Amino acid sequence: CLKMVVSEIPRVPRIKETIKAIYTRNKNISSKTINTRGLREVQIYFLGSGGGSSVGQWLLGVSGASSTILGVEYPYHRAALSEAIGGPPVHGFCSVETSLTMGRRARDKGKSILANDIGFDIFPHYDISKQDKRDPPLVLGVGFSAVLATDKPHKGEHRGFIGVCDNEGREIAHKILMKKGYRTRQQEDELTSYLIIHAITEYVNKYASAESLESGNMIQLPVEHIHDFGGVEYETLAISNDPFESKMSAIDSVINGVQQYALFWPKKVGDNKDAEAVYVPHIPVQTLKDSGRSLLIFSGSFNPLHKGHEELAIAAQKKCIQAAGGKERRLIFELSVHNADKGDVTIDVVAERMLQFTSRRGAIHGPWPVVATKVPKFIEKAKLFPGCVFVVGMDTAVRIIDPKYYNHSQEEMLEAMLQIKSLSCSFVVAGRLNKSNNKFETFHSTINDISPVLQSMFVALSEEEFRIDISSTELRQRM
């Protein structure tokens, strides 16, 4: 951990210069007026109680706040704070745990705001034709709880806690201890407000900028070195900052049914290196469903992922673009941790298969976003991703309408398919080579007995649109 001793507050104009630099940085990234390589936009929601009241004034008092600030909220009364975080705090109204809870709630509010904002995509943008792969903004929730000087002396220390939580699983806490009688209430409030801005700036420099950036490209803190100040101790604690542990924990939660899905997007780590799969935690189900109306989901076990999978995904995307008059869907691979025929897949196997989507050895056209789920049947997938188009091969398409998977009941199969249709879901189906007669078959040329009410749910790719005679089974047999 890092400890600093602070007693004197930097002048407010210097603090506002720092805030202005953060806003300008976001605007430049958004407009691409600078080289954005290695830079991420940061969107901030602040939730404070008990102190730090100058933060709102400073953040909103600097021009350009709309480029970065999603909201500032001060639930001061205990009942108001309890309502803001979903119930009375378990560890008291001023604690590191409560501030982290506030940070998480602020982060989730920020994500919901962005998800409902026109033009924002909770998933990264993947333009296949241009190979344009951009990370979405980092959504930063900042929570703060404090006990400061007041008209009645406090028994305990004058203190404050900052909880910084983002949408990639990072959670960082900062503890502030202030000497009683050393400052007035206003001075303590301004000091804690400054340290909140300090924590935000440190986050932007460390996590929203590439490590290789020169120091001149970083946001300058109001005070370059904080030392030899009396009356206050400031301690920074890294609570949770391990992307690997976060990813493995998310996969384990899906396998064990704790959560329905875990979304990962690729993050480039260098020109000549593979990307890494970054877990996107705590996406509200409704947010995912709202986004799901324009998703293109390629479901499978991907054991292994091969060129045919990627080429099929690209062909299906082109087919959707044609059908929608040029509108592109968001392509995401869905890695199922449960197979209807084979049961659950182990956590290590899921993690290994997930690497295929970010490794250049595994993904020729990638890296690709991937969502891990434990919903083997397409009726369950449709409920999770309403309005999406599923990409499937011929074998999977045949199984989808096979009564065997519906308790051997034709009626149950039809009922399930009609439910999928009512959820505005459909399928793009790749053809296959019939090795018995060496002829290429498409879905509609092969499946003749499908109910007329279901035919419109399946769009077949022609041989000209997609044909690669390779399968994961054949590749496994060669290994």
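The values are calculated or read from the model by the stated rules, or taken from the named source; none is laboratory data. All figures in this text were calculated on a predicted structure; none of them were measured in a lab. A quick note on method: Cβ atoms are made from the backbone with ideal geometry, for glycine too, and the neighbour counts reach across all protein chains shown. In case anyone asks, the SASA skips ligands and DNA or RNA and just uses the protein heavy atoms, side chains included. Shrake-Rupley method; radii C 1.70, N 1.55, O 1.52, S 1.80 Å.
Is one or more of the residues making up the stretch 185-207 β-branched (Val, Ile, Thr) and in a strand (DSSP E or B)? No: the stretch 185-207 contains no residue that is β-branched (Val, Ile, Thr) and in a strand (DSSP E or B).
Every residue, every condition in (1) among the aliphatic types (A, V, I, L, M); (2) in contact with a His (Cβ under 7 Å, 6 or more places away or on another chain); (3) farther than 18 Å from ASN167 by Cα; (4) open to solvent by 10 Å² or more (accessible area, probe 1.4 Å), yes or no:
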| position | (1), (2), (3), (4) |
| --- | --- |
| TYR74 | no, no, yes, yes |
| HIS77 | no, no, yes, yes |
| ILE85 | yes, no, no, yes |
| CYS94 | no, no, yes, yes |
| MET102 | yes, no, no, no |
| ASP108 | no, yes, no, yes |
| SER112 | no, no, no, yes |
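A Cβ distance below 6 Å, combined with a sequence gap of six or more or placement on separate chains, defines the contacts here; from the stretch 392-404, residues that are without any contact (Cβ under 8 Å) to a residue 60 or more places away in the chain and closer than 16 Å to PHE298 by Cβ reach residues that are open to solvent by 40 Å² or more (accessible area, probe 1.4 Å) and not in a helix (DSSP H, G or I) in the pairs MET394/ARG432.
Answer yes if at least one residue in the stretch 228-242 is of a type in the set (Val, Ile, Thr), in contact with a Ser or Thr (Cβ under 9 Å, 6 or more places away or on another chain), at pLDDT 90 or above and open to solvent by less than 20 Å² (accessible area, probe 1.4 Å), and no otherwise. Within the stretch 228-242, none of the residues are of a type in the set (Val, Ile, Thr), in contact with a Ser or Thr (Cβ under 9 Å, 6 or more places away or on another chain), at pLDDT 90 or above and open to solvent by less than 20 Å² (accessible area, probe 1.4 Å). When the stretch 347-358 is limited to residues that are open to solvent by less than 20 Å² (accessible area, probe 1.4 Å) and assigned to a loop (DSSP other than H, G, I, E, B), the one that is modelled with the lowest pLDDT turns out to be THR358. Please determine whether any residue of the stretch 425-445 is surrounded by fewer than 16 Cβ atoms within 10 Å (Cβ to Cβ), of a type in the set (Ser, Thr, Tyr) and within 19 Å of ALA460 (Cβ to Cβ). Yes, there is a match, as at least one residue in the stretch 425-445 is surrounded by fewer than 16 Cβ atoms within 10 Å (Cβ to Cβ), of a type in the set (Ser, Thr, Tyr) and within 19 Å of ALA460 (Cβ to Cβ). In the set (1) within 28 Å of THR442 (Cα to Cα); (2) open to solvent by less than 20 Å² (accessible area, probe 1.4 Å), the condition left unmet by ARG329 is number (2). Against the definition (at pLDDT 75 or above and either surrounded by 16 or more Cβ atoms within 10 Å (Cβ to Cβ) or touching a strand residue (DSSP E or B) at 6+ places or on another chain (Cβ under 8 Å) (or both)), how does ALA210 come out, yes or no? For ALA210, the condition - at pLDDT 75 or above and either surrounded by 16 or more Cβ atoms within 10 Å (Cβ to Cβ) or touching a strand residue (DSSP E or B) at 6+ places or on another chain (Cβ under 8 Å) (or both) - is not met. Among the residues making up the stretch 54-68, those that are open to solvent by less than 20 Å² (accessible area, probe 1.4 Å) and hydrophobic (A, V, I, L, M, F, W, C) are VAL55, TRP58, LEU59, VAL62, ALA65.
State whether one or more residues within the stretch 383-399 are open to solvent by 70 Å² or more (accessible area, probe 1.4 Å), over 30 Å from ILE251 (Cβ atoms) and of a type outside the set (Lys, Arg). Outline the logic, then answer.
So in the stretch 383-399, the residues open to solvent by 70 Å² or more (accessible area, probe 1.4 Å) come out as 383, 395, 399.
Applying the additional criterion that residues be over 30 Å from ILE251 (Cβ atoms) yields none.
Checked against the condition, which is being open to solvent by 70 Å² or more (accessible area, probe 1.4 Å), over 30 Å from ILE251 (Cβ atoms) and of a type outside the set (Lys, Arg), the stretch 383-399 yields no hits at all.
With respect to the conditions (1) open to solvent by less than 70 Å² (accessible area, probe 1.4 Å); (2) over 16 Å from PHE298 (Cβ atoms), ALA372 lacks only one, and its number is (2).
Considering (1) farther than 25 Å from GLN322 by Cβ; (2) in contact with a Lys or Arg (Cβ under 8 Å, 6 or more places away or on another chain), the lone condition that ASN434 does not fulfil carries the number (2).
Restricting attention to the stretch 256-311, the residues that are modelled with pLDDT of 65 or more and assigned to a loop (DSSP other than H, G, I, E, B) total 12.
Does LYS175 count as outside any helix (DSSP H, G or I), among the basic types (Lys, Arg), modelled with pLDDT under 80 and open to solvent by 10 Å² or more (accessible area, probe 1.4 Å)? Judged against the criteria, LYS175 is not a match. Being crowded, with 20+ Cβ neighbours inside 10 Å and not basic (Lys, Arg) holds for only one residue in LEU454, LEU414, LEU461, LEU418, and it is LEU461. Restricted to the stretch 163-206, and to residues there that are acidic (Asp, Glu) and touching a strand residue (DSSP E or B) at 6+ places or on another chain (Cβ under 7 Å), the residue that is nearest to LEU114 (Cα to Cα) is ASP166.
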